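The values are calculated or read from the model by the stated rules, or taken from the named source; none is laboratory data. Keep in mind that this is a model prediction, so the values were computed, not measured. Ideal geometry is used to build each Cβ from the backbone, glycine not excepted, and the neighbour counts take in all protein chains shown.
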Amino acid sequence: MTRTTYILRAAPRIKREDLEAEGVVELAASLMVDVHILLQQKTRTAIWTWAARVLQLLDSLSTSSHPTGNNSLCLVFALGILLTRLSATPYGRARSSRPGGPQRPTRNSEDSKNLITIRVEGFAQGTDRKLMQFLQRKSRTQWSPLNRRFEGEAIVFEVQTPEIASSITKCNGFTFIDRQLTVTSEVASTPSSGDINMFMPTTSAGEKMSTIDTLRVFLTSRYNPDLGLLNLDNMAQDPVLKAAGIPPPGRGDKTSQIGSVIMKLASEMFGEVHTISMANNGFRDVNGISTLAQYHPSIQNLSLENNLITSMKGLEAISAPGKLKFLRELVLSGNPLKTNLIERGGDEISYRSEVTRRFPTLKVLDGVSVAPSISFDVQAEDIQNAKGLKLADEIKPSFFDNDGTKSAAYDFCGRYFSSFDHDRSALINFYDVQAFFSICVNTSMPPGRNRGTWKMQNFEGWIELSRNLQRFKDLNRRVATLQHGHDLQNIFHRIPQTAHDLTKADHFAIDAWQMGGFEGYQTVLFIMMHGEFKDISRNVMRSFDRTFIVAPAAPGTRPHAAGLPYNIISDELIVRPHVGQGAWIQ
């Protein structure tokens with residue numbers, strides 16, 4: 001152990017009796033030597049600690065009933081040298097100013113008059129080094145901890161300015177290695193002859209916190225690290241926000257910035273948040289929290305329960321393609337959205353289909369599974385009894401053999417066409433590795449009664465993909481246009497960009513039924529869909545017919561690995577000139 005290290009450790013233990021004993025002059029002289037050594041080594045934090053102790057001893061000695069003049073004189077002399085050196089530059093020697101060019105800043109006694117003590121709690125043992133790096137990075141300010149030490153399970157250190165302290169205390173409530181930090185500060189006032197306390201705690205209760213600091217306090221009170229839950233319910237009644245006069249998001253355009261700040265701060269403080277609840281906030285839409293997907297892209301569970309969202313348009317800010325890719329559960333109950341949809345002619349199934357079309361990764365909606373397992377409960381005796389059935393004279397626009405089939409067909413179409421229109425790269429996950437797919441382009445003029453204002457359409461981009469067996473007789477062409485297995489991914493990217501507006505329910509017709517007898521599958525689901533889409537590349541509407549054969553996604557299949565319940569084994573798309581919905585309602 002070096003002499004300097006010994007002095008640093010021993011100085012706080014010097015007692016008044018030591019100074020009153022014989023040989024105190026030698027002790028004072030030794031201390032002056034140590035001051036000189038410390039100044040040369042620029043150990044400024046240790047010097048301040050030593051100086052505070054000397055002041056305490058000097059004050060104690062001056063009140064002693066047996067003061068020793070030599071003792072006082074030596075100590076005063078030592079302190080004079082100390083303070084003289086401390087008022088110079090950080091390098092122990094005053095610098096003369098140089099004309100021209102930037103001046104190197106100097107530090108005087110005023111600069112170090114009020115050190116700020118930082119206290120950090122809540123971190124795991126053995127992580128203090130990483131903790132310091134974490135605080136330096138998150139505070140976004142250059143600083144070094146002074147006089148770092150442990151007090152129980154807390155780490156305590158000093159910084160030089162209130163600005164640095166403020167930047168560090170903003171980390172209060174942040175999550176560090178799965179633990180929530182508590183970061184506080186107080187002023188450490190260096191002693192003088194009139195103030196011998198080494199640390200003088202102060203309070204900032206009289207000062208008004210900034211909006212950011214207030215929001216940090218608010219978020220800390222609302223976060224449960226054990227559950228990974230951020231509870232933002234009923235923010236208008238939160239006492240922290242009310243006391244600070246901060247309006248919650250969702251109360252007009254002026255509060256949209258507050259919502260964005262809350263989302264960003266939560267991301268900085270807690271990292272990945274998997275569950276967020278924003279019930280009972282009076283939201284008419286989600287525009288005020290539109291940055292949710294930006295700052296919390298991995299969110300899995302979201303509650304917007306008991307708000308005032310009236311239509312699907314109110315969800316657009318967070319339901320755009322590519323957002324919330326990991327969302328598995330959504331709660332919308334208690335909003336007028338569902339009731340309004342039903343009043344416009346929809347039903348429970350169409351509501352769920354509309355929501356899952358916008359959030360295709362959903363597994364649970366309003367507490368109920370969005371993709372009920374396809375039971376395919378058609379019995380052999382039912383098939384035998386159906387052979388003698390005669391079709392009714394009038395055929396309804398859509399046909400389903402049971403409610404389970406209807407629910408599965410709607411759910412499948414909502415998921416599939418969302419990906420077909422917006423994310424072709426993910427489309428392959430719907431298909432079995434041995435699936436077949438083909439496109440047939442029918443350019444023929446529609447029947448006279450359906451012709452209307454029909455005009456000859458350009459099918460460029462489609463014809464080269466077409467497998468129309470009546471038009472193309474060449475065997476090589478027929479084989480090349482029948483896509484199989486891994487070839488599907490390539491053709492999906494060659495198909496012109498499309499847009500299917502499934503919100504116009506009367507523009508589509510779906511027939512679906514279950515059927516057995518397929519090799520390798522106990523039962524499959526036939527889905528035949530007729531409707532229209534917009535060819536974005538040509539900015540024209542086109543009609544289409546599509547036939548899917550879908551099996552349940554068994555473990556080990558590609559769809560099952562992607563979290564999808566449907567496994568397409570055959571898909572045929574027929575594209576034709578636009579004729580509207582009159583083709584099946586007339």
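Has segment 185-201 got any residue that is buried (at least 18 other Cβ atoms within 10 Å of the Cβ), modelled with pLDDT of 85 or more, under 30 Å from Ala244 (Cβ atoms) and not assigned by TED's automatic domain parsing to the domain that holds Leu227? No, because not a single residue in segment 185-201 is buried (at least 18 other Cβ atoms within 10 Å of the Cβ), modelled with pLDDT of 85 or more, under 30 Å from Ala244 (Cβ atoms) and not assigned by TED's automatic domain parsing to the domain that holds Leu227. The helices (runs of 4 or more DSSP H) falling completely within segment 315-363 that include 2 or more residues that are touching a helix residue (DSSP H, G or I) at 6+ places or on another chain (Cβ under 7 Å) and not hydrophobic (A, V, I, L, M, F, W, C) map to 348-358.
If we keep just the residues of segment 223-252 that are closer than 14 Å to Ala266 by Cβ and under 16 Å from the mean Cα position of the chain (by Cα), which is surrounded by the most Cβ atoms within 10 Å (Cβ to Cβ)? Here the residue is Leu232. Filtering segment 526-579 to residues that are of a type in the set (Asp, Glu) and either at pLDDT below 90 or over 38 Å from the mean Cα position of the chain (by Cα) (or both) leaves Asp545, Glu572. The set of residues in segment 488-513 being under 18 Å from Phe437 (Cβ atoms) and either in contact (Cβ under 8 Å) with a residue 40 or more places away in the chain or assigned to a loop (DSSP other than H, G, I, E, B) (or both) consists of Leu488, Gln489, Ile491, Phe492, His493, Ile495, Pro496, Gln497, Thr498, His500. The set of residues in segment 162-180 being part of a loop (DSSP other than H, G, I, E, B) and surrounded by fewer than 19 Cβ atoms within 10 Å (Cβ to Cβ) consists of Ile177, Asp178. Filtering segment 441-484 to residues that are exposed (fewer than 14 other Cβ atoms within 10 Å of the Cβ) and either modelled with pLDDT of 80 or more or part of a helix (DSSP H, G or I) (or both) leaves Gly448, Arg449, Arg451, Glu460, Glu464, Leu475, Asn476, Val479, Ala480, Leu482, His484.
Screening Gly122 against (1) free of Cβ contacts under 8 Å to residues at least 40 places away in the same chain; (2) on the phi > 0 side of the Ramachandran plot leaves a single unmet condition, (1).
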